Amino acid sequence: MSESAGVHAVHGAHVHHEELGFVRTYVFATDHKMIGRQFLFLGLFMLVIGGLLAMLMRWQLGWPETPVPGMGWVPEPYMFEGIVPPQTYNMLFTMHATIMIFFAVMPIMIGCFGNFLIPLMIGARDMAFPVLNMLSFWSGAVGGVVMLAGFFVPGGHAASGWTAYAPLSASAIYTGVDWGQNLWNISLIIVGASSLMGSINYITTIINMRAPGMTWFRLPLVIWSLFVTAILLLLALPVLTAALAMLLADRMLGTHFFLPAGGGEPLLWQHLFWYFGHPEVYVLVLPAMGVTSDVLSTFSRKPIFGYRAMAMSMISIGFLSWIVWGHHMFLSGMNPALGTAFMMSTMVIAVPSAIKTFNWLGTLWGGSIRLTTPMLNGLAFVSIFVIGGLSGVFMASTPVDIFIHDTYFIVAHFHYVVAGIVFGLFAAVYYWFPKMFGRMMNETLGKIHFVLTFIFFNATFFPMHFLGVAGHMRRIWNPLQYEFLQPLQGMNQFISVSAFLLGLSQILFLVNFFWSLFAGKKAEVNPWHANTLEWAAPSPPPHGNWGEHLPVVHHGPYEYSVPGVEEDYLPQTTPHALPVTAGH
Amino acid sequence: MWDMLSWLPENVSTYGGEIDSLFYIIYYITGVAFLLVAFAMIAFVIMFRHREGRRATYLHGNTVIEITWTIVTAVIFVVLAFMSQPLWGRIKQEVPPTDLQVRITAKQFNWEIVYPGPDGKFDTADDLQVDNELHVPVNRAVHVFLASKDVIHSFFLPQLRLKQDAVPGRVIQAWFQATKTGRYEIPCAELCGFGHSGMLGYLTVYSPEEYSKWVKEQWPSR
């Protein structure tokens, strides 16, 4: 620790920050908290767009080839008097997934909370590389603009799925999409660079800039999750970027990496894509797991159950996530023996995920549970993640996957895992909003929003398992074209209605968010009586976070209800001898 | 309605029943696991809700319990993997011998089906090529040689529990044996372009007599 203390002595020397102008404060900011807020607003904006695309899809699936109400103004060939044509439908699901993954969940869970929380929770004044951090946000924003521009080019936006399987994605002759797919590629290369800059920053900051006394095993689990996430991003994104560059070269320079006519190999794309794509799933879900761990401990007023097992299971998920990608390719034509190997590794990665679930339950056991809005969302994340994890077992089993692969069963599964992250996201927003903006969000509105979201989330995604079991393929524009799917139409309509209500319920969140931003109750320094370092800084923390002196850490982050301490929490900055307990 | 697996399409293939059995086993195991976790969570939230004057237990973990649930989970997953492997091998690796072969080449947005004809050889004069109509006899194994002319497609027979991607540049072998006569749909299960939805062929499974009749109609000279 002497080294990191040395780093801080240097930082402490220029605590007194000069007043910055508007542009340096709000636009080209280098302050990690402002960059975090910028990522939050970018992510929320894109979340709304991604959600609206899903609504259009659900209309088409519920009431195929009828005009979407209120959409008659969309010009041909995107829509025909409000009717969604097949090409547009393909574009909708491609862009729904792309936007949700790269421009909503990643900016919010990693960009926003990574930036905001890492320096505050480890006791640093800022990120290791503040200018790189600014570049990371602004390249991400440019990537977003490039991605949105794809909607306005002739031929429409990318329509080959977010997985962009070659050769469909590798030549305009197969889809009729020209610049849409090119911009899709270029945008993802740009946001790849953005994430790379962010992850280097996160890793460096966590390794080098922890406050005195902040040892590795005193780090909050949300920091552990962001650390593992950053490492996964650092190692996975270059692979995607390379694959995207090859795909772009196939499209624009006449190469044949993925085009068999010129000796290319379509499966190479799938291997490269999923070598990135599976770690990416954990990139998305790990931060939500970290958030949930912190929130569950705080509102159970109890130490997290099995802290080291929680940190170790995230690390092992990180390692194992590199050797499971082939389970996306059981039916791709890959050697079946390889399928067996990937089934084995996939069954193994389920174990650390199960351990996390049991530890969350163990945290609740014997607690003094307060059902605040963040807690409700944290509990919901656990239950949704359990369903998503268990439904993954079906796909892991190679013979069962033969039938359910590429059906709505997989759509249900990955929405339970990846869309379920919104509960982690809401938990994080409700929990850290007071620190981020200095005001409380409205609890009553928050709880109503939670209940509606939880009900309609399940009403939307759970029945998709049934459709999948019935054989309903994913990515089809009109299920009524198939005789064996026609009896399922009632279920499709039920799902669509639930999806609309799920979408409408989010208005409550936006109202609560923006209303609280300006008129919420002023937040105390530590409104939730939590232990971690960020709650020792003012709400919101000033530039430089800590005033004159850096915080000094005396013990772990989850010392709640310590015997002999009057309060039921013990901030990391408060020195106190801890009792020795069994299983510590 | 509430039994999820009652939504499965009727199974009419030899190995389909085994896939369905495995599906049921996983369904019950995961179902029980879910109910236990959900019950525990709800029970704990009620039992340990905040009440004035009661403090939470100061507890960091329990090594014995943690090791136990790790081992139990690991054993269940390993058992599932070992139950899955033999069936996967039977479907994918141990192809039963047969003299019925058909070449299916996917193209945007049809299944091009080539029968080798009475000589049993492809690329001879008696080959028969049709789009989207696959005719086979009941209770006999059929080999399918899957290829694609343009992009990736996926050959899907929901009632026969068969799905296999067709990849340009490769010929992939699959097989099935139908156990019931009838007419079944062959959708494409991999996104293949704007006509993906509606890319549809038909499998007709004949009784032996009807199949002979169909063969005679196609190759009258023999």
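The values are calculated or read from the model by the stated rules, or taken from the named source; none is laboratory data. A quick note: this is a predicted structure, and the numbers were derived from the prediction, not measured. Virtual Cβ from ideal backbone geometry, glycine too; neighbours counted across all protein chains shown.
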Members of the range A:335-361 found to be more than 22 Å from A:Phe409 (Cα to Cα), more than 7 Å from chain B (Cβ to nearest Cβ) and crowded, with 19+ Cβ neighbours inside 10 Å, listed by number
A:Pro352, A:Lys356, A:Asn359, A:Trp360
Restricting the range A:314-326 to residues that are in contact (Cβ under 8 Å) with a residue 40 or more places away in the chain and surrounded by fewer than 21 Cβ atoms within 10 Å (Cβ to Cβ), which is farthest from A:Val291 (Cα to Cα)?
A:Trp322
Taking the range A:472-493 as the region of interest, how many residues are crowded, with 20+ Cβ neighbours inside 10 Å and among the polar types (S, T, N, Q)?
1
Given (1) buried (at least 19 other Cβ atoms within 10 Å of the Cβ); (2) within 26 Å of A:Gly290 (Cα to Cα); (3) in contact with a Lys or Arg (Cβ under 8 Å, 6 or more places away or on another chain); (4) not basic (Lys, Arg), number of the condition A:Leu533 does not satisfy:
(3)
Taking the range A:420-445 and keeping residues among the small types (Gly, Ala, Ser) and either surrounded by 19 or more Cβ atoms within 10 Å (Cβ to Cβ) or touching a Leu at 6+ places or on another chain (Cβ under 8 Å) (or both) leaves A:Gly420, A:Gly424, A:Ala427, A:Ala428
Report whether or not A:Val295 is part of a helix (DSSP H, G or I), away from chain B (no Cβ under 12 Å) and more than 28 Å from A:Gly366 (Cα to Cα).
no
Out of all the residues in the range A:172-193, which are surrounded by fewer than 19 Cβ atoms within 10 Å (Cβ to Cβ) and assigned to a loop (DSSP other than H, G, I, E, B)?
A:Gly176, A:Asp178
Scanning the range B:89-113 for residues that are aliphatic (A, V, I, L, M) and not in a loop (DSSP other than H, G, I, E, B), the one nearest to the other protein chains (Cβ to nearest Cβ) turns out to be B:Ile91
What single numbered condition from (1) among the hydroxyl-bearing types (Ser, Thr, Tyr); (2) crowded, with 19+ Cβ neighbours inside 10 Å; (3) facing another protein chain (nearest Cβ under 7 Å) fails to hold for B:Thr14?
(3)
As an exercise: evaluate A:Phe484 against (1) part of a helix (DSSP H, G or I); (2) over 21 Å from B:Trp7 (Cβ atoms); (3) among the aromatic types (Phe, Trp, Tyr) and give the number of the one condition it does not meet.
(2)
Index of the failed condition, B:Asp20 passing every other in (1) closer than 26 Å to A:Phe461 by Cβ; (2) within 7 Å of chain A (Cβ to nearest Cβ)
(2)
Within the range B:21-35, residues buried (at least 19 other Cβ atoms within 10 Å of the Cβ) and under 28 Å from B:Thr204 (Cα atoms) come out as B:Leu22, B:Phe23
In the range B:31-87, how many residues are at the interface with chain A (Cβ under 7 Å from one of its Cβ atoms) and free of Cβ contacts under 8 Å to residues at least 60 places away in the same chain?
31
For the range B:170-191 the number of residues that are surrounded by fewer than 20 Cβ atoms within 10 Å (Cβ to Cβ) and farther than 23 Å from B:Gly89 by Cα is 5
State yes or no: is A:Ser505 assigned by TED's automatic domain parsing to the domain that holds A:Phe437 and surrounded by 21 or more Cβ atoms within 10 Å (Cβ to Cβ)?
no
Residue that is assigned by TED's automatic domain parsing to the domain that holds B:Pro137, more than 18 Å from A:Ala170 (Cα to Cα) and out of contact with any Leu (no Cβ under 7 Å at 6 or more places or on another chain), where the choices are B:Leu157, B:Leu200:
B:Leu200
The range B:99-156 - residue that is touching a Lys or Arg at 6+ places or on another chain (Cβ under 8 Å) and surrounded by fewer than 15 Cβ atoms within 10 Å (Cβ to Cβ) and, of those, nearest to A:Phe403 (Cα to Cα)
B:Lys149
Residue pairs within 7 Å by beta carbon, gap of at least six or interchain, first lying in the range A:64-86 and among the acidic types (Asp, Glu), second in a loop (DSSP other than H, G, I, E, B), listed first then second, are A:Glu65/A:Asn478; A:Glu81/A:Pro67; A:Glu81/A:Gly72
When the range A:356-374 is checked residue by residue, the ones that are of a type outside the set (Gly, Ala, Ser) and either outside any loop (DSSP other than H, G, I, E, B) or over 30 Å from A:Asn442 (Cβ atoms) (or both) are A:Lys356, A:Thr357, A:Phe358, A:Asn359, A:Trp360, A:Leu361, A:Thr363, A:Leu364, A:Trp365, A:Ile369, A:Thr373, A:Pro374
Select, from A:Thr215, A:Thr255, the only residue that is over 19 Å from A:Phe137 (Cα atoms), without any contact (Cβ under 8 Å) to a residue 24 or more places away in the chain and among the hydroxyl-bearing types (Ser, Thr, Tyr).
A:Thr255
Of the residues A:Phe484, A:Phe500, A:Phe509, which single one is within 14 Å of chain B (Cβ to nearest Cβ) and touching a helix residue (DSSP H, G or I) at 6+ places or on another chain (Cβ under 7 Å)?
A:Phe484
Could you please find all residues in the range A:374-391 being touching a helix residue (DSSP H, G or I) at 6+ places or on another chain (Cβ under 6 Å), of a type outside the set (A, V, I, L, M, F, W, C) and within 10 Å of another protein chain (Cβ to nearest Cβ)?
A:Gly389, A:Ser391
Going through the range A:427-480 in order, the residues found to be part of a helix (DSSP H, G or I) and of a type in the set (Val, Ile, Thr) are A:Val429, A:Thr444, A:Ile448, A:Val451, A:Thr453, A:Ile455, A:Thr460, A:Val469
Subset tally (residues that are of a type in the set (Gly, Ala, Ser) and surrounded by 14 or more Cβ atoms within 10 Å (Cβ to Cβ)) for the range B:39-51
1
